[in-house]
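Novice: Below is the structure I would like to discuss, written out as structure tokens.
The values are calculated or read from the model by the stated rules, or taken from the named source; none is laboratory data. All values derive from a computational prediction rather than experimental measurement. Note: ideal-geometry Cβ built from the backbone for every residue, glycine included; neighbour counts use all protein chains shown. Ligands, DNA and RNA are stripped out before the accessible areas are found, and what is left, the full protein with its side chains, is counted by its heavy atoms. Shrake-Rupley method; radii C 1.70, N 1.55, O 1.52, S 1.80 Å.
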Amino acid sequence: MFTERLQNAINDQINAEFYSAYLYLAMSAHFEAEDLPGMAHWMRMQYEEEVIHAMKFFDFMNDRGARVVLKAIDAPPSEFGSVVDVFAEVLAHEQKVTSLIHNLYTLALEEGDYPTQSLLKWYIDEQVEEEKSASEVLSRVKMVQDYPPGVLMIDQELAGRAAPTPPAQEE
Ligand code: OFO
């Protein structure tokens with residue numbers, strides 16, 4: 001049964017995913033301003049990935065005849081600290097989103113909603129990847145934080161991040 005409580009919680013999660021998109025777009029603008037185009041690109045790909053996450057919930061709600069309610073998206077910060085600070089913020093943000101997804105899963109279990117449980121398994125796996133990639137970049141920028149040529153080298157590598165594939169095209 002698709003309860004109103006669960007539908008409201010998914011609408012909140014759609015908002016949280018769009019906030020994530022907005023946050024990473026703000027980080028992309030920050031790195032553009034800092035002349036670190038590879039990191040700006042990495043954040044832009046992350047922004048695109050978050051839009052995919054939001055839209056997967058959006059489609060799921062529509063497929064089940066539920067009403068999507070879009071809410072105002074909070075403004076992300078416009079000022080950020082060092083490269084290490086930014087990637088530490090990415091990791092902390094993803095850890096927070098992981099707990100939101102886990103809470104949603106707990107709710108879907110409580111409500112006995114099997115389709116939502118099935119959908120959320122995709123997000124649970126995705127969050128493992130999200131935390132892994134943020135944590136890898138964070139470790140590496142920490143290693144070179146006092147060595148600008150190292151930062152530039154990582155910037156070049158991050159420029160190679162491929163565009164995310166929408167789930168429908170993976171099948
Ligand atoms: Fe949607 O996973 Fe990041 O926030």
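Novice: Are any residues in the stretch 115-139 under 15 Å from D85 (Cβ atoms) and more than 16 Å from the ligand (Cβ to nearest atom), and if so, which ones?
Specialist: S139
Novice: Please tell me if L6 is hydrophobic (A, V, I, L, M, F, W, C), surrounded by fewer than 20 Cβ atoms within 10 Å (Cβ to Cβ) and within 14 Å of the ligand (Cβ to nearest atom).
Specialist: So L6 fails the test.
Novice: Count, please, the residues in the stretch 1-39 that happen to be of a type in the set (D, E, K, R) and under 11 Å from the mean Cα position of the chain (by Cα).
Specialist: Residues meeting the conditions: 1.
Novice: Just the residues that are touching a Pro at 6+ places or on another chain (Cβ under 7 Å) and among the aromatic types (F, W, Y), please, taken from the stretch 20-50.
Specialist: If the condition is that a residue be touching a Pro at 6+ places or on another chain (Cβ under 7 Å) and among the aromatic types (F, W, Y), then Y22 is the only one that fits.
Novice: Inspect the stretch 25-41 for any residue being among the acidic types (D, E), open to solvent by less than 10 Å² (accessible area, probe 1.4 Å) and assigned to a helix (DSSP H, G or I) and give the result as yes or no. I'd like the intermediate steps shown before the answer.
Specialist: First pass over the stretch 25-41, keeping only residues among the acidic types (D, E): 32, 34-35.
Now narrow it down to the ones that are open to solvent by less than 10 Å² (accessible area, probe 1.4 Å): none.
No, that holds for no residue.
Novice: Name the one entry in V68, V86, V51 that is within 16 Å of the ligand (Cβ to nearest atom) and either closer than 26 Å to D146 by Cβ or open to solvent by less than 20 Å² (accessible area, probe 1.4 Å) (or both).
Specialist: So the residue among V68, V86, V51 that is within 16 Å of the ligand (Cβ to nearest atom) and either closer than 26 Å to D146 by Cβ or open to solvent by less than 20 Å² (accessible area, probe 1.4 Å) (or both) is V86.
Novice: Determine whether D85 is farther than 16 Å from V128 by Cα and either touching a residue at least 40 places away in the same chain (Cβ under 8 Å) or touching a His at 6+ places or on another chain (Cβ under 9 Å) (or both).
Specialist: no
Novice: Scan the stretch 40-57 and report the pairs whose first residue is closer than 14 Å to A29 by Cα and without any contact (Cβ under 8 Å) to a residue 60 or more places away in the chain and whose second residue is in a helix (DSSP H, G or I) and open to solvent by 10 Å² or more (accessible area, probe 1.4 Å), with Cβ atoms within less than 6 Å and a gap of 6+ or a chain change.
Specialist: Listed by first residue and then by second, the contacts come to A40/E32; Y47/L25.
Novice: When the residues of the stretch 89-127 are narrowed to those that are aliphatic (A, V, I, L, M) and free of Cβ contacts under 8 Å to residues at least 12 places away in the same chain, which ends up most open to solvent (accessible area, probe 1.4 Å)?
Specialist: Out of the qualifying residues, it is L109.
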